[in-house]
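One structure is given here, and the rest of the page talks about it.
The values are calculated or read from the model by the stated rules, or taken from the named source; none is laboratory data. All figures in this text were calculated on a predicted structure; none of them were measured in a lab. Reconstructed Cβ throughout: ideal geometry from the backbone, glycine too, with neighbour counts over all protein chains shown. For accessibility, only protein heavy atoms count, side chains too; no ligands or nucleic acids. Shrake-Rupley method; radii C 1.70, N 1.55, O 1.52, S 1.80 Å.
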Amino acid sequence: SKLSKELRDGKTGAKIFFECGVGRIDPKTKRWMYVNGMVRITQKPKQKATMITKRIQRISTFSSKGKKDLDKPLLVPLFVSRVYPEKGMLELVPKREDIPPPPEKNAPKRISAGSLTAGMEVTGRVTKVVPFGAFIDVNANRGGLLHIQTIADTLGTYVDGVAGMKALCGLEVGAQVNVSVLSNERKRLAFDFTKDVKDAMEEEREEEARLDAEEEARLAFGVEDDAVDTNTGYEIGEDEAAAWAEFGAIGGDGDGSEDDEPDEMDDIEQTLGLNFY
């Protein structure tokens, strides 16, 4: 697409329009006309002119080859986010991940974000993940942010941006998550995980720590040699190996006869958790 018009003082915020090779038949004149795609620069009117200029330059001068040229307009890769057939309009976004999910059928009416107070628990869907956190839609007229520092504090570990949030707690676009309202001030809605989610994460961390400890212990005792008992993990001397061989040969009863009945020692060891051998 190629930049065609700018609207810096729009009633609903600044916008720019691109020629994107799309057209329609005008219902009144019955003539073919081009349809320009609209990109929102700001969501509110009367924003700082310098900020608007920088955002317009960042979008309109970035070519599909990844090069910037402030002197001439370039073909800019954009993605269709919304189509308004009744108005003959297209809305575009610079990144594919900025495309909002399709509206759900029979979705409940959105509530006012101002009605959400600290401590309230809600269920939402991740709409966008950025290096500093995840934006979550809780069916209010304004979304909120689950900040990466809040996530790190909950997990007790460093979270490596977008990849870390996905790997450690499954935060990705479309994921459903239970959150509680951390704060709601100056039209900024901040979330935290609910207590149930935190408890589940804590149990998972404890289980992973236990498995890691068992693996470290196994590796610490394990020796790649024929003279190692794979069940106990320690080296067996020649005398002990010979004794075990003899014990196995006589079936454990000492009389050389085969015993088809369950071994009593096995029962005792399993009952008392003494599975040493």
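This table checks each residue for (1) within 18 Å of GLN43 (Cβ to Cβ); (2) under 16 Å from the mean Cα position of the chain (by Cα).
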{"site": "PRO131", "(1), (2)": "no, yes"}
{"site": "PHE135", "(1), (2)": "yes, yes"}
{"site": "ASN141", "(1), (2)": "yes, no"}
{"site": "LEU146", "(1), (2)": "no, yes"}
{"site": "ASP153", "(1), (2)": "no, no"}
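I'd like the full set of residues that are open to solvent by less than 100 Å² (accessible area, probe 1.4 Å), over 17 Å from GLY13 (Cβ atoms) and at pLDDT 75 or above, limited to region 58-78.
VAL76, PRO77, LEU78
Output the residues belonging to region 31-62 that are of a type in the set (Val, Ile, Thr) and within 28 Å of the chain's Cα centre (by Cα).
Answer for region 31-62, where residues must be of a type in the set (Val, Ile, Thr) and within 28 Å of the chain's Cα centre (by Cα): VAL39, ILE41, THR42, ILE59.
Would you mention how many residues in region 1-32 are farther than 20 Å from ILE99 by Cβ, open to solvent by less than 70 Å² (accessible area, probe 1.4 Å), without any contact (Cβ under 8 Å) to a residue 40 or more places away in the chain and assigned to a strand (DSSP E or B)?
3
Quick one: is MET38 open to solvent by 50 Å² or more (accessible area, probe 1.4 Å), of a type in the set (A, V, I, L, M) and modelled with pLDDT of 80 or more?
No.
Among the residues of region 121-141, write down those that are of a type in the set (D, E, K, R) and in contact with a Leu (Cβ under 6 Å, 6 or more places away or on another chain).
none
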